[in-house]
Amino acid sequence: MSVTIGPAGGQKFEGGVVGFIGLGVMGRSLAGHLLKAGYPLVVYSRTRASAEGAIAAGAQWAASPAELAPRCRLIFTMVGLPRDVEEVYLGPSGLLPKAAPGSLLVDLTTSTPALAQRIAETAAKRGILALDAPVTGGDVGARNAQLSIMVGGDAAAFVRAEPVLRLFGPTIVHHGSAGSGQHAKMCNQIMIACTMMGICEALAYAGGAGLDPQLLLKSTSGGGAASWSLQTLAPRILQGNFAPGFYVKHFCKDLAIALAAAKEMRLDLPGLALGEKLYRELAAAGHADDGTQALWKLYEAKLPKQN
């Protein structure tokens, strides 16, 4: 079953205290939305310093996922890599060994479909519900509660989580069984990678043709080439702003997941393969902690020298 839920409809989650694990670039904004909506919140992050803003705003601190789990009935996680997800959910100090039956766990991390399925299966054996719900929209989308959320897992669990997910963004789509949210996010990342390559090549071409890049963005942002990346990240390139809304190192992880899944499905996706290769080169060149728009640096380095 596929269901799309917009900002209207649904009831406030009444399951008690909410937990949030992972207060990075996007997670801290999402925790803030929960606090502003009046939810009692317990937080955990690998470094307490990253949680200080949420604690100052009224959140309670937990020393580990295992300590957080029994205190909450709805728990969101947003960590970095699949191995982090596995540790947070399945590790000895993780959520599943300690979460109460009837709890609902929602992973907002971009991870592997197979791990999402394993978490859901393990949770079900313990009477716990688990959803994979990766998001897209970057730091701006998280800050402005404008994320798109792609959900996989039990339909009833989705209905239960939806009122709170609406605090994070207006576009919430249930794609089907566990792992399907992660597959949808892979599609999203393939689109972004190919779009960013196109933006960088267009800017390189514009420079070669002597066009004003600002005027180019003005004329293309309202036409058939319009996209979130063009409107949000291309201006950052022109400003020399490569701060992360989404880290290159995490994008490399996502593209590697997508490429591996595509190979399992016997799909030949040359745009994805090239994007994964270029972003690996970018990370190896020292830009792993930059934002995805830093792909421009690879193109910039190959521009013809001006006389």
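The values are calculated or read from the model by the stated rules, or taken from the named source; none is laboratory data. The structure displayed is predicted, hence computed values, not measured ones. We place every Cβ from the backbone using ideal geometry, glycine too, and count neighbours over all the protein chains shown.
For the stretch 172-188, which positions are assigned to a loop (DSSP other than H, G, I, E, B) and more than 15 Å from the chain's Cα centre (by Cα)? Talk me through it step by step, then tell me what you get.
Quick first cut of the stretch 172-188, residues assigned to a loop (DSSP other than H, G, I, E, B) only: 177-179.
Across the stretch 172-188, the qualifying residues are S177, A178.
Could you check the stretch 45-76 and list, in sequence order, the residues that are surrounded by 24 or more Cβ atoms within 10 Å (Cβ to Cβ) and under 18 Å from the mean Cα position of the chain (by Cα)?
The answer is I75, F76.
Are any residues in the stretch 85-121 of a type in the set (K, R) and within 13 Å of P65 (Cα to Cα), and if so, which ones? Walk me through it before giving the result.
Within the stretch 85-121, the first condition is being of a type in the set (K, R), and the residues that meet it are 98, 118.
K98 - this is the single residue of the stretch 85-121 that is of a type in the set (K, R) and within 13 Å of P65 (Cα to Cα).
Considering the stretch 90-122 alone, what residues qualify as being of a type in the set (S, T, Y), over 24 Å from G32 (Cβ atoms) and in contact with a Pro (Cβ under 9 Å, 6 or more places away or on another chain)? If you could, list the steps in order and put the result at the bottom.
Narrowing the stretch 90-122 to residues of a type in the set (S, T, Y): 93, 103, 109-112, 122.
Still in the running and over 24 Å from G32 (Cβ atoms): 93, 112, 122.
Residues satisfying the conditions are S93, T112.
Are any residues in the stretch 255-290 surrounded by fewer than 16 Cβ atoms within 10 Å (Cβ to Cβ) and within 15 Å of A301 (Cβ to Cβ), and if so, which ones?
Passing the criteria: E281, A284, A285, G286.
Residues that are basic (K, R) and over 24 Å from L23 (Cβ atoms): find the helices (runs of 4 or more DSSP H) completely inside the stretch 224-307 holding 1 or more of those. Don't jump to the end; show me each part of the working.
Numbers: elements: 228-239, 248-264, 270-282, 296-300.
The helices (runs of 4 or more DSSP H) meeting that bar are 248-264, 270-282, 296-300.
Mind checking which residues of the stretch 220-241 are among the small types (G, A, S) and exposed (fewer than 12 other Cβ atoms within 10 Å of the Cβ)?
Taking the stretch 220-241 and keeping what is among the small types (G, A, S), we get 221-227, 229, 234, 240.
Hits for the stretch 220-241 are G222, G223, G224, A226, G240.
Answer with yes or no whether G169 is at pLDDT 95 or above, of a type outside the set (S, T, Y), surrounded by 21 or more Cβ atoms within 10 Å (Cβ to Cβ) and under 17 Å from L147 (Cβ atoms).
When the stated conditions are applied, G169 passes them.
Tell me whether the stretch 91-112 contains one or more residues that are at pLDDT 95 or above, among the polar types (S, T, N, Q), assigned to a helix (DSSP H, G or I) and over 20 Å from A31 (Cβ atoms).
There is no residue in the stretch 91-112 that is at pLDDT 95 or above, among the polar types (S, T, N, Q), assigned to a helix (DSSP H, G or I) and over 20 Å from A31 (Cβ atoms).
Here is a list: V164, V140. Which entry is at pLDDT below 95 and surrounded by fewer than 24 Cβ atoms within 10 Å (Cβ to Cβ)?
Working: V164 fails: at pLDDT below 95.
None of the other options fit; the residue is V140.
What pairs come out if I take residues in the stretch 219-233 that are in the same structural domain as L203 (by TED's automatic domain parsing) and pair them with residues that are of a type in the set (S, T, Y) and surrounded by 13 or more Cβ atoms within 10 Å (Cβ to Cβ) whose C-beta lies under 8 Å away, six or more apart or interchain?
Qualifying pairs under 8 Å: A226/T220; S227/T195; S229/T195; L230/T195; L230/T220; L230/S221; Q231/S221; L233/T292.
Might you let me know whether the stretch 188-202 holds any residue that is closer than 20 Å to L81 by Cα and modelled with pLDDT under 95?
So the first thing to find is which residues in the stretch 188-202 are closer than 20 Å to L81 by Cα, and the list is 188-190, 192-193.
This time we only want the ones that are modelled with pLDDT under 95, so: none.
There is no residue in the stretch 188-202 that is closer than 20 Å to L81 by Cα and modelled with pLDDT under 95.
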